[in-house]
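Trainee: I'd like to ask you about the structure that follows.
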Amino acid sequence: MITLESYLGGTWQKGSGEPAILVNATTEEAMAGCNADGLDMAAAHAYALEVGGPALRELGFAGRGALLKALSKAIYEYREELIDLSIANAGCTRGDAKFDIDGATGTLAAYAYFAKELGDGNVLADGDGIQLGRTARFWGQHIRVPRRGVAVHINAFNFPAWGQMEKMACALLAGVPVIEKPGTPTALVAWRVAQITVESGILPAGAFQFVAGRTGNLLDLLGAQDALAFTGSSGTGAKLKAGSNLIERNVRVNIEADSLNSAVLAPDVDEASDTYDQFLANVVLDMTQKTGQKCTAVRRIFVPADRVEDVSAELVAQLGRIAVGDPSDKKHRMGPLASAAQLRDVRAGIGRLAQAADILCGGADAIAEKGFFVAPTLLLAKDSDADVFHADEVFGPVATVLPYDGSAAEATRLVNRGGGGLVASLYSNDGAWTEEVSLGIAPWHGRVWTANDRVASQTLPPGMVLPAMTHGGPGRAGGGEELGGMRGLEFYTQRTAMQGFQGSLQAML
């Protein structure tokens, strides 16, 4: 069995104490032990500040972009090995594993491309300058500069490669060193990516560190120039955000948490249309890709009440064609959940939803003697206003059909009852309906995805997170924001209003 070591202070180190055991999600066989107890987090924090930060800033934006491009290529060379690890440790099908690995390398490559426009320095203009005095000599200009701290990234288990690298890409390009902590159940994949990163020798000393286990007192060491970015449950996010040290020292915190994402079918969509076919395909994909363990997966499916029977029957038929089993077998399109804890949580969640809904397919019953398997589960709400559907995210291949009256006003009200989401998808050929719902739900969502017959053949699925577009959402979704092209650097840079002689300020840029 492999022991996962942490990479701190330029060396690989073993933790003390009893390790958490990582298992094969299909066979439940032990694969690795993970523990970082007893490691010197203060030394790691100081190493990032004193060694990693200066080394990154010396390179300038263009130099750091070149590092990201090289790192993307280095990780891609191990793509097949990482896919095999993901199939075993994370329970991914080959397609789901590629989704994670290619998302990681693709995001690094995207930010390397964005860096081409930033130049060799460490100062970015933030908008246009403005005359402040009687003449243009006295000038004002907002700028952005790298913060002089460290970025601690606490990542989720569902995307051990992509989740780690999307945060790293923004922080490193901004000139801020990182300390990465993966979700424990799938940490074997993240650890191997960390090994590849270190062995490549691409990043300067101190720019990258990795904690395989608990972070100990690391969060108590963070100061005003540091940042914490977390992806995971809203409960854990709230606890982290409420940490006394983070509050007292005004540490920047970014949370990406639970999300009761919606798919809304408008009443105008004809069953023979491309938009209807896309609605069905995207709902099934979002329910089953990564076994429904995606922060962007659909949880609530809003369907006009007079069409619920037909739509539900079609979804049940398509979900019934999803072969579930050992993800190493190509005939299986959905593998197990990532861990025994996830299986317990999903089964319990199905039970809670079923108290206010009818189970149309799937359910909480075991479907295999070994492994953390659950069938794709579709429910039909008895009352679309029941609180459970708008407050309880079941993080697996589980979604509920909620009937509504077809009006834009009712769709808006019900979608917003989720209390803040990462993404909502709307399917309609009615421009007025789409506009009313889009603008009605926009304040409560980080992203609104719309489809009609004119773009049905060209869209990417709503569950796809793109480097050029922001990822995050208000309320229960965490209130944070990641990616979004150059917007992704804002969390790691300081906006400063510079005032003075225009010639001097322009030279600074």
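The values are calculated or read from the model by the stated rules, or taken from the named source; none is laboratory data. Everything numeric in this text was worked out from a predicted model, so none of it was measured. A quick note on method: Cβ atoms are made from the backbone with ideal geometry, for glycine too, and the neighbour counts reach across all protein chains shown.
Trainee: Could you please tell me which pairs satisfy a Cβ distance under 6 Å, a separation of 6+ or placement on different chains, a first residue in the stretch 188-201 that is over 17 Å from N155 (Cα atoms), and a second residue that is of a type in the set (V, I, T) and part of a helix (DSSP H, G or I)?
Mentor: Qualifying pairs under 6 Å: I196/I75.
Trainee: I'd like to verify a number: residues in the stretch 176-203 that are among the small types (G, A, S) and surrounded by fewer than 24 Cβ atoms within 10 Å (Cβ to Cβ), how many?
Mentor: Qualifying residue count, the stretch 176-203: 3.
Trainee: Any idea which of (1) closer than 18 Å to N158 by Cα; (2) touching a residue at least 40 places away in the same chain (Cβ under 8 Å) is the one L378 doesn't satisfy?
Mentor: Among (1) closer than 18 Å to N158 by Cα; (2) touching a residue at least 40 places away in the same chain (Cβ under 8 Å), L378 violates only (1).
Trainee: Here is a further query. From (1) part of a loop (DSSP other than H, G, I, E, B); (2) surrounded by fewer than 21 Cβ atoms within 10 Å (Cβ to Cβ); (3) in contact (Cβ under 8 Å) with a residue 40 or more places away in the chain, pick out the condition that doesn't hold for A272.
Mentor: (3)
Trainee: Hey, can you tell me all the residues within the stretch 211-239 that are modelled with pLDDT under 90 and touching a helix residue (DSSP H, G or I) at 6+ places or on another chain (Cβ under 8 Å)?
Mentor: S234
Trainee: Shifting gears a bit: Residues in the stretch 300-350 that are among the hydroxyl-bearing types (S, T, Y) and touching a strand residue (DSSP E or B) at 6+ places or on another chain (Cβ under 6 Å): how many?
Mentor: Total satisfying the criteria: 1.
Trainee: Residues that are in contact (Cβ under 8 Å) with a residue 60 or more places away in the chain and more than 28 Å from G65 (Cβ to Cβ): which helices (runs of 4 or more DSSP H) entirely in the stretch 401-509 hold 3 or more of them?
Mentor: 408-416, 431-441
Trainee: I would also like to ask the following. So which of R307, R352 ends up being under 30 Å from G479 (Cβ atoms), at pLDDT 95 or above and not acidic (D, E)?
Mentor: Going through R307, R352 in turn, just one is under 30 Å from G479 (Cβ atoms), at pLDDT 95 or above and not acidic (D, E): R352.
Trainee: Can I ask one more? Tell me, yes or no, whether the stretch 365-375 has at least one residue that is outside any loop (DSSP other than H, G, I, E, B) and at pLDDT 95 or above.
Mentor: Checked against the condition, which is being outside any loop (DSSP other than H, G, I, E, B) and at pLDDT 95 or above, the stretch 365-375 yields no hits at all.
Trainee: While we're looking at this one, here's another question. Considering only the stretch 82-107, how many residues are surrounded by fewer than 21 Cβ atoms within 10 Å (Cβ to Cβ) and among the charged types (D, E, K, R)?
Mentor: 4
Trainee: If only one of A297, A281 is touching a helix residue (DSSP H, G or I) at 6+ places or on another chain (Cβ under 9 Å), among the small types (G, A, S), surrounded by fewer than 18 Cβ atoms within 10 Å (Cβ to Cβ) and at pLDDT 95 or above, which one is it?
Mentor: Answer to the selection: A281.
Trainee: Looking at A497 and the list (1) at pLDDT 95 or above; (2) under 30 Å from G292 (Cβ atoms); (3) surrounded by fewer than 19 Cβ atoms within 10 Å (Cβ to Cβ), which single condition is not satisfied?
Mentor: Only one criterion is unmet by A497, namely (2).
Trainee: Within the stretch 251-260, does at least one residue satisfy the condition of being out of contact with any Phe, Trp or Tyr (no Cβ under 7 Å at 6 or more places or on another chain), crowded, with 24+ Cβ neighbours inside 10 Å and assigned to a helix (DSSP H, G or I)?
Mentor: Taking every residue of the stretch 251-260 in turn, none turns out to be out of contact with any Phe, Trp or Tyr (no Cβ under 7 Å at 6 or more places or on another chain), crowded, with 24+ Cβ neighbours inside 10 Å and assigned to a helix (DSSP H, G or I).
Trainee: Continuing with this model, one more query. Out of G119, G91, G127, G133, I need the residue that is over 21 Å from L173 (Cβ atoms), free of Cβ contacts under 8 Å to residues at least 60 places away in the same chain, among the small types (G, A, S) and not in a strand (DSSP E or B). Which one?
Mentor: G133
Trainee: Please work out which residue is nearest to L22 (Cα to Cα), limiting yourself to the stretch 351-372 and to residues that are surrounded by 22 or more Cβ atoms within 10 Å (Cβ to Cβ) and not small (G, A, S).
Mentor: The extreme case among them is F372.
Trainee: Output the number of residues of the stretch 285-329 satisfying the condition of being in a loop (DSSP other than H, G, I, E, B) and either over 21 Å from G103 (Cα atoms) or in contact with an Asp or Glu (Cβ under 6 Å, 6 or more places away or on another chain) (or both).
Mentor: 7
Trainee: Here is a list: Y76, Y7. Which entry is buried (at least 17 other Cβ atoms within 10 Å of the Cβ), over 30 Å from A468 (Cβ atoms), in contact (Cβ under 8 Å) with a residue 24 or more places away in the chain and out of contact with any Pro (no Cβ under 9 Å at 6 or more places or on another chain)?
Mentor: Y7
Trainee: Something else about it: Can you name the condition, by its number, that A110 falls short on among (1) hydrophobic (A, V, I, L, M, F, W, C); (2) surrounded by fewer than 17 Cβ atoms within 10 Å (Cβ to Cβ); (3) over 16 Å from A194 (Cα atoms)?
Mentor: The failed condition is (2).
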